[in-house]
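What follows is one structure encoded as C-alpha cells, with my remarks underneath.
Just so it is clear, none of the values below were taken in a lab; they were calculated from the coordinates. Everything numeric in this text was worked out from a predicted model, so none of it was measured. With ideal geometry, Cβ positions are generated from the backbone for all residues, glycine too; neighbour counts draw on all protein chains shown.
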Amino acid sequence: MNKKLLGVVGLLLATLMLNPVWAQDIPEPERSATGGAQTLEDILRRQKQLEVDDSFRSQNLGNPENAPPISAPLGTRGGVSDSENWRAIRYNEIDPSTQVRGPAADVLIQDGGMPWYKLREGPVITYGGGALLAIIALLVVFYFVRGRIMIDGGPAGTTIERFKAIERFGHWLLAGSFIALGLTGLITLMGRSFLIPVLGPDAFATLAAGSKWLHNNVAWAFMLGLVMTFVMWVSHNIPNKLDWQWLKAGGGIIGSGHHPSAKKFNAGQKIVFWTVMILGFSVSLSGLSLLFPFQMPMFADTFGVINSILGTSFPTDLAPHEEMQYANIWHSIVAFIMMMAIIAHIYIGSVGMEGAFDAMGNGQVDLEWARQHHDLWVAEVEAKQGKGGSS
Amino acid sequence: MKVMISAFVAALVIAFAAPPVLNQFGWSSAEQTSTESVRLD
C-alpha cells in the first residue's frame, strides 16, 4: 500500500515537474531590447517545444491614437494623398525640415520659375529691345526733320561757366557708370539670344562673366553719382510756373523756334533729372536686392502698401525666389525706361544741339547759347558777378 | 574733358574697390553668387 502510494506521489511530482503549464509561471522575457518583438528566449523555448506566450505580438496591432502628429518628424499625413502633398510643396504651403542651410532652403519647389523665365526671355527682351530701337529711330527721324538746333545768330565767342568741376564729375560718374551698367545689363539679358549665335558659347561665357562682374561692382559708382547729382541739383529742379510755359512752347525746339525763358534747368532737363532720380533710386533698390540674394526682399511689402492704397490684389505672400524674380523683372523694365530717357538726353546734349556738350565737356558754354536756353540763369549769374559773387 | 575721364576712372576704381571693402563688413555679394554659373544652352 505504501509502495503504491509512493508510486502515485512520485508519478504526480514527475508529471508536475515536466508539465508545460509550468512555463506560464516563468517570468516574461525582457523584450525592451527588441522593442517588444520576440527575443532569443522566445525562439529557444519554441525550439524546445515549450509554450510561448505570443500575446506580445498577437495583441500588438497598433493604435491610431498613438501615431505621431503631422507636425512631428516622420509624422503621419493622415488623410492627405500624395498628389495633395506635392501640391502643398508646389505652393510652398509646407514647413519642411531640411539639412540644407542658407537662404530659401526650405522652398522645395518654386512654381513661378518658368513664368518668370518666359517673361524675361520673351516680352521683356522683345518690348524692351524694341523700345530702345524705336527711340533711336525716332531721334534719327527727328534729326533729319528738325536738324541740329543751332545758336541763333551764331556763338558770341565769350563763355560763361555752366557747371563746376565737381558737378561735371558727379554727372560723368553717373553717366559713365550708367552706360557701363546699360551695356553689361543688355549683354546679361540678351546675350543668350543674340550673342551666343554670333560669338559662340565659349567667347560669350567670358564676356558674360566679365559683364556680370562689372555690372555688380560699377553699380556702387552709379549710386554714388546718383546721390552726388541729387544733392547738387535738386534745389534747381523744383518745378515752377516757368516750366509750364517752357513745355507749352515746346522748349523752343518744336514749333515756332522761340526759346522760352528758363533758369539753370529748363522743364525738359527737370523731366530728365526726376526721371533719373526716381527710376535710378528704384533700379538701385532692385539692384541691391539682386546683388544680395534673399537678403533684401521688398516686393511683398511694396505690394501690401499698393493694395492698401489702390485696393488692388497683388500677391503679398511671396517665396524668396519670387521676390528675386520680381526684382529681376522690375530691374529690367525700369532700366529700359531709363535707357530710353538717357538716349534722348545724350542726343540733345551732343549732336542734337550746338553748344550743349560744352556744358559738361569743359563746363564753359557760349554766352549766346546760355542766353537763348537759360536766360534767367544768365541774368542771375551776371547779377551775382556784379556783386562779386560766383555762379 | 579731364573731369569726364577722371570720373570714368573713378567709376572703375570704385568697381575694383567695392568687393574687398564689402568683404571687410561681411557684405560679400560674391558669396551669394557664382561666377562659374553662366548657363550657355
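Observations
- Each label was represented as a point 7 Å from its Cα along the Cα-to-Cβ direction; for residue A:165 and residue A:313 these points are 6.1 nm apart.
- Shown here for region A:295-391: trypsin sites (Lys or Arg not before Pro) in loop regions (DSSP other than H, G, I, E, B) with at most 14 other Cβ atoms within 10 Å, namely A:387.
- For region A:279-343: rounded, prolate or oblate by the Cα gyration tensor [a/c cutoff 1.5]: oblate
- For chain A, the longest site-free run once GluC sites (Glu not before Pro) in DSSP loop states with at most 16 other Cβ atoms within 10 Å are removed: A:94-353
- The label point for residue A:146 and the one for residue A:242, both projected 7 Å from the Cα toward the Cβ, are 2.0 nm apart.
- Helix-derived mean residue ellipticity, 222 nm - over the protein assembly as shown, DSSP H n ≥ 4, -39500 (n - 2.57), to 500: -19000 deg cm²/dmol
- Close amide-amide hydrogen proximity is noted between residue A:149 and A:353, A:354, each under 5 Å apart and 5 or more residues distant or on a separate chain (H modeled in the peptide plane; Pro and chain starts excluded).
- Around the amide H of residue A:159, modelled in the peptide plane, lie the amide H atoms of A:367, all under 5 Å away and 5 or more residues distant in sequence or on another chain.
- Of the trypsin sites (Lys or Arg not before Pro) in region A:107-160, the ones in a loop by DSSP (not H, G, I, E or B) with at most 13 other beta carbons within 10 Å are A:148.
- For chymotrypsin sites (Phe, Trp or Tyr not before Pro), the sites in region A:43-99 that DSSP calls loop and that have at most 13 other Cβ atoms within 10 Å are A:91.
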